[in-house]
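One structure is given below, encoded as C-alpha cells.
Nothing in this text is a laboratory measurement; each read-out follows from the coordinates by a stated rule. This is a predicted model, so every value here is computed, not measured. Note that we place each Cβ from the backbone using ideal geometry, even for glycine, and neighbour counts take in every protein chain shown.
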Amino acid sequence: MNESPAEPCAPSPAAASRPPSAPDAQAAPAFADLHLHTLFSDGTFNPEDLAGRGARCGLVAMSLTDHDTVEGCPRMALACRNLGIEFMPGAELTAELDGAELHILGYYLDMENPKLQTSLKQFQAVRQNRIHEMVARLNRLHIPLRAETVFGIANCHSPGRPHVGRALVQEGFCASLDEAFDRFLKKNRPAYVPKFKISALDAIALVHHAGGLASMAHPGLNRSDDVIPALAAAGLDGLECFHSKHTASMTQYYLDIAARHHLLVTGGSDCHGYSKGKPLIGGTKLPAVYYDRLKERHGQGIENCELKIAK
Ligand code: AMP
Ligand code: ZN
Ligand code: FE
Ligand code: FE
C-alpha cells in the first residue's frame, strides 16, 4: 500500500541539520521514535516507507524494533541514511519474568553476532510452530483456516497472532482484527497458544552479548512494575517511558521510576502501520536529548570494551 503521509506528522525540514544536543532556545525541539515495526514482523510498512514517514514527521532518529528479528534493519539503515535520519538497529524480544510476559527492546544490536542470530532463529521457529498450533485449534473449532494462508499473509520469518487475525478476516471468518482477537486470539480465548519466552534476565544478557542496550518496552501495558527493580539489578539499561499507549501522567510516573533506578529513557510509537487503524508514527515524541543519552551510553560501552580487550 502506498498511503498518504501519516496523520500526526507535520512537514518539517530535513533532520540532517540537527544542532548539537546542548539546550538551544532558538532550535525547534527534536524528536526520535525508537519503537517501530515493519512487514519483517507484524507491521504493514516496508523499511523504506517507514523511514520516509519518519522524515515527513521530522524525526531525527529512528530504531526498527521488529518482533524477534533484525532482518529489516539493513534496509532501514540505508533508507534512514539517505534521508539524514540517525538509525539504531533494534529488535523487540518477547520475554517473561515470574510468569508475566514482558517485552525487551534491544538497541545498537550487532546484527552479525552469532549468538544473537542463533537465538533469533530459535524464537522465529517457535513462532512458526505456534502458527500451526493456532490453526489446529481453529480447525477444531470448525474454522477451516489453512496454515499456508497465514504464512502467505505473513510472508516473513517472524509470524504472529496479527497474521492469524488478518487471515481470519481475509477468509471471511471474522469481520475485523479486533473481532479475531476478541473471539479467538487473546489470552484465554480458544485459539490462543502461549509461546516459549526467553527469561527477561537472559534477554538482557543476550542484548548485552550482542553489544546492545536493553530497555523494558511499554511498562504501562504489562502492569508489572514490581519486576523493574529486579531487571535494573540484572543490568537493564532503559525504560520505555514514552509510548503511544501511555498517558502523560503514566509517562511522568515512569520517568520518575527510571530516575530512581538510574535507567535511560526510551520511547516510541510502536507503530504497526495500518495493522490497527491509522499509523501511529509521529504521535509519540521522544525528546532527542534522551536518544542522545542512549547514544552516549552506547559509545561508552564500546570504549570500555575496547579498553578491556587492550588490557
Ligand atoms: P504475538 O507476538 O504473536 O503474541 O502477537 C502480539 C502482537 O499482537 C502485538 O505486538 C500486537 O501487535 C498485536 N496485538 C495484541 N493484542 C491485540 C489486539 N487485541 N488487537 C490487535 N492486535 C493485537
Ligand atoms: Zn506487534
Ligand atoms: Fe510489545
Ligand atoms: Fe512493539
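To the nearest 0.05, how large is the calculated FRET efficiency for R146 and K115 if R₀ is 51 Å and r is the Cβ-Cβ distance?
According to the calculation, E is roughly 0.90.
Filter the cross-link list K121/K195; K186/K245; K121/K197; K186/K276; K115/K197 down to pairs whose alpha-carbon distance in this structure exceeds 20 Å.
none
Under the classification rounded if a/c is under 1.5, otherwise prolate if a/b is larger than b/c and oblate if not, where does the chain fall, given a ≥ b ≥ c as square roots of the Cα gyration tensor eigenvalues?
Verdict is prolate for the chain.
At 7 Å along Cα-to-Cβ for each site, give me the label-to-label distance between R260 and E48 in nm.
Between R260 and E48, the simple spin-label model gives 4.8 nm.
What is the extension gain from K278 to A28, computed as 0.36 nm multiplied by their sequence separation minus the C-alpha to C-alpha distance, in nm to one decimal?
This chain segment gains 87.4 nm when fully extended.
Per-residue HN-Hα couplings for the range 105-111, Karplus 6.51 cos²θ - 1.76 cosθ + 1.60 at θ = phi - 60°, whole Hz, x for Gly and Pro?
Using θ = phi - 60°, the values come out as 8, x, 10, 6, 6, 7, 5 Hz.
If you average the C-alpha positions of the range 103-166 and of the range 217-242 separately, how far apart do those two centres end up, in angstrom?
Here the answer is 25 Å between Cα centres.
Hey, can you grab everything whose amide H is under 5 Å from the amide H of L264? Only 5+ residues off in sequence or another chain; H modelled, so Pro and N-termini drop out.
Answer set, sorted by chain and number: G238, L239.
Pick from E179, E240, E101: which residue has the top mean-square fluctuation in a GNM of the chain where Cα pairs under 10 Å get a spring?
Of E179, E240, E101, the Gaussian network model singles out E179 as fluctuating most.
Between E86 and residues 5 or more places away or on another chain, which pairs have amide H atoms under 5 Å apart, with H built 1.01 Å from N, and which residues are they?
The answer is A61, M62.
Run the quick spin-label model on Q300 and N139: label points 7 Å from Cα toward the beta carbon, then report their separation in nm to one decimal.
The modelled label-to-label distance comes out at 5.4 nm.
What does the C-alpha gyration tensor say about the overall shape of the range 179-311? Classify as rounded when a/c is under 1.5, otherwise prolate if a/b is larger than b/c, or oblate.
Because a/c hits 1.5 or more and a/b exceeds b/c, the range 179-311 counts as prolate.
Between rounded, prolate and oblate, where does the range 86-222 land on the alpha carbon gyration tensor, with a ≥ b ≥ c its root eigenvalues, rounded for a/c under 1.5, else prolate if a/b exceeds b/c?
prolate
Can you compute 3J(HN,Hα) from phi for each residue in the range 54-70, using the Karplus curve 6.51 cos²θ - 1.76 cosθ + 1.60 with θ = phi - 60°, rounded to whole Hz and x for Gly and Pro?
x, 4, 5, 7, x, 5, 9, 8, 9, 10, 9, 10, 5, 5, 6, 7, 10
Quick check: residue separation of H208 and A125 times 0.36 nm, minus the Cα distance between them. What number comes out in nm?
27.6 nm
What list of ³J(HN,Hα) couplings, whole Hz, do you get for the range 237-246 from phi and the Karplus terms 6.51, -1.76, 1.60, once you set θ to phi - 60° and write x for glycine and proline?
My calculation for the range 237-246 gives 9, x, 10, 7, 6, 9, 7, 4, 9, 8 Hz in order.
Could you list D237, D292, D178 in order of exposure, starting from the residue whose Cβ has the fewest other Cβ atoms within 10 Å?
The order, fewest Cβ neighbours first, is D178, D292, D237.
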